[in-house]
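> Handing you this structure, nothing more for now.
The values are calculated or read from the model by the stated rules, or taken from the named source; none is laboratory data. Note that this is a predicted model, so its numbers are computed, not measured. Cβ coordinates were reconstructed from backbone atoms using ideal geometry, including for glycine residues, and neighbour counts include every protein chain displayed. These area figures cover heavy atoms from the full protein model, side chains too; ligands, DNA and RNA do not enter into them. Shrake-Rupley method; radii C 1.70, N 1.55, O 1.52, S 1.80 Å.
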Amino acid sequence: DVRIALMEDGAKKEIAKINLDFKRKEEAIKGNSAAEIALRTALEKQRQKAIAKVNDDVAAAEREQARQLANARYANDLALAESFGGEYLYETKKEVLQKQAELEIAAITESEKNEQMRAEKIFAVNQKLIADLKALEKEHAASEVNDAKMAAEIRVKEAENAALAILNDEN
């Protein structure tokens, strides 16, 4: 929140500086000839573009900060899930992958002006999400198989030890 407030304060200062600079330029053009009116109009367009750029930069920085904060939260969620393991870990990883894809799509939607490029980038993010989810499912399945093998080996060892104990008792 503090970083965002500082960014917004910086943007307000930058916009005020732009307004002052363009006001000085405009004051230098005092006449009402067609060329001077056109020049004032062009200056106003430049001023609007400069202000829009500052606002876009602040919005992009805020989106990036929100993305970083979300990723930090997801990393914390994953660390917590690691301690629990099993199905909870799988579900958390799946949720994190989906949330990260949503963040990427939101960033693309806000930043990309070209409709075709936006659609292609969103498609690529969705394809990556599908591939990541499949890889996660394979990893989860392999983990479950490994857990089942270990449990079976433990049961076999316990049965073997029980049988040996019975033989020892008979001897």
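> On the given criteria, is I166 open to solvent by less than 60 Å² (accessible area, probe 1.4 Å) and either of a type in the set (D, E) or at pLDDT 80 or above (or both)? Talk me through it step by step, then tell me what you get.
Details: open to solvent by less than 60 Å² (accessible area, probe 1.4 Å): no; either of a type in the set (D, E) or at pLDDT 80 or above (or both): yes.
Answer is no for this residue.
> Give all pairs with beta carbons closer than 7 Å in which a residue from the range 139-159 that is open to solvent by less than 60 Å² (accessible area, probe 1.4 Å) meets a residue that is in a helix (DSSP H, G or I) and among the aliphatic types (A, V, I, L, M); count only pairs at least 6 apart in sequence or on separate chains.
none
> Suppose we filter A52, A75, A28, A61 for residues that are touching a residue at least 24 places away in the same chain (Cβ under 8 Å) and either over 20 Å from I15 (Cβ atoms) or among the hydrophobic types (A, V, I, L, M, F, W, C) (or both); which single one remains?
The conditions single out A61.
> Something else about it: Pairs under 7 Å by beta carbon, first residue within 19 Å of A16 (Cα to Cα) in the range 32-49, partner among the charged types (D, E, K, R), six or more apart or different chains?
That search, which allows pairs on different chains as well, returns R40/E26; L43/K25; L43/E26.
> Mind counting the residues in the range 14-25 that are without any contact (Cβ under 8 Å) to a residue 12 or more places away in the chain and more than 33 Å from the chain's Cα centre (by Cα)? Can you show your working first?
Step one: list which residues in the range 14-25 are without any contact (Cβ under 8 Å) to a residue 12 or more places away in the chain, which gives 16-17, 20-21, 23-24.
Subsequent filtering for residues that are more than 33 Å from the chain's Cα centre (by Cα) retains 20-21, 23-24.
Result for the range 14-25: 4.
> Just wondering, is there one or more residues in the range 14-25 that are of a type in the set (G, A, S), surrounded by fewer than 16 Cβ atoms within 10 Å (Cβ to Cβ) and modelled with pLDDT of 80 or more?
Looking for residues that are of a type in the set (G, A, S), surrounded by fewer than 16 Cβ atoms within 10 Å (Cβ to Cβ) and modelled with pLDDT of 80 or more, one finds at least one in the range 14-25, hence yes.
> Hey, another quick one. Please give the number of the condition N32 fails out of (1) surrounded by 15 or more Cβ atoms within 10 Å (Cβ to Cβ); (2) not in a helix (DSSP H, G or I).
(1)
> Counting only residues that are basic (K, R), surrounded by 15 or more Cβ atoms within 10 Å (Cβ to Cβ) and without any contact (Cβ under 8 Å) to a residue 24 or more places away in the chain, how many does the range 80-138 have?
Result for the range 80-138: 2.
> Which residue is least open to solvent (accessible area, probe 1.4 Å), if the candidates are limited to the range 44-77 and must be under 12 Å from the mean Cα position of the chain (by Cα) and among the basic types (K, R)?
Checked the range 44-77; the qualifying residue least open to solvent (accessible area, probe 1.4 Å) is R63.
> Determine whether A11 is out of contact with any strand residue (DSSP E or B) (no Cβ under 9 Å at 6 or more places or on another chain), surrounded by 10 or more Cβ atoms within 10 Å (Cβ to Cβ), of a type in the set (A, V, I, L, M) and touching a residue at least 40 places away in the same chain (Cβ under 8 Å). Lay out the reasoning, then the answer.
Details: out of contact with any strand residue (DSSP E or B) (no Cβ under 9 Å at 6 or more places or on another chain): yes; surrounded by 10 or more Cβ atoms within 10 Å (Cβ to Cβ): yes; of a type in the set (A, V, I, L, M): yes; touching a residue at least 40 places away in the same chain (Cβ under 8 Å): yes.
Taking the combined requirement at face value, the residue satisfies it.
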